[in-house]
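Each remark here refers to the structure printed beneath this line.
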Amino acid sequence: MMNGFAYRWLIFISICVGQDTPTWFMYPPQLDHYYVGVGIGLHFQEDMDSFASAQANATAELSRQIHVKIMGGLAEVSSGAKAFARQYTREVIDSTVFHKVVAHAMPIDSFLTHNNAYVLMIINKDLSSVSIDNIDQIKSTIEYAPKMKRRPLWIKRPPKRRGFVYGVGFGSTHRRLVDSWENSAKQARIEIAKQMDTSVGALLKNATGDYSEGIRWIEETTNVVLNGATIKERWHDEEQNIFYTLMEYGNIK
């Protein structure tokens, strides 16, 4: 007897082998009543393994989109011409949200290239399953922008909109494409979190002896929960091999 996982894949996977990235990855659909997540997985020998890997990453992205806690810190110490800095960032996914996404998110499209698999998934905003009968209707309402060939303006000048905060992240090249894009999205969430709430502390110490020396210490900390931060666009600078992500966070008062 076919299990639910295999049944969903049998219905919604359409394999398109090629070199291009699917448009819905670069421009994730924006749907009022659904959360939308896109995942990348390596292209394994078995196509089902490839799509299962992509689905796991789409599930994680959906979970971070719905609810994620951002904790970060930066410490910098400088003395004269010398300066030392350390920073960290941690994202914590709510386990309850994650398990609901695993149980109820539905794959509605897929794409297979020579190197990677892509999966597009959705879930109702109340975290319940989307009816199979509604899938075709949902797909018919999805609109896609043409692929952008020129450097987008939002890289240097993020959009401005009342009640919204925008973050732009950029990731360097990693061995796995998914790591490059995930790092880019992570940086975008950090930028949003910093705009929401950042604490800055500073300390200046003057040491005197045979000569005077000033030591400056600066610490910056961020601890924010984001609910509903969504990826608007992605762009890959092929010349510099940099991966850019534009993220939007709404309902800001």
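Residue 48 to residue 89: FRET efficiency via 1/(1 + (r/R0)^6), r the Cβ-Cβ distance, R0 35 Å, to the nearest 0.05? The calculated FRET efficiency here is 0.55.
The slack between residue 155 and residue 56, meaning 0.36 nm per residue of separation minus the straight C-alpha distance, is 32.8 nm. Other residues whose C-beta falls under 15 angstrom from the C-beta of residue 98 contribute a net charge of 0, scoring Lys and Arg +1 and Asp and Glu -1. When each of the peptides 131-137, 65-71, 24-30, 105-111 is scored by how many other beta carbons lie within 10 Å of its residues on average, the order from highest to lowest is 105-111, 65-71, 24-30, 131-137.
Read-outs throughout are calculated quantities, based only on the coordinates presented, and are distinct from any laboratory measurement. Bear in mind that the values here come from a model prediction, so they are computed numbers and not experimental data. As a convention, Cβ positions derive from the backbone with ideal geometry for all residues, glycine included, and neighbour counts pool all protein chains shown.
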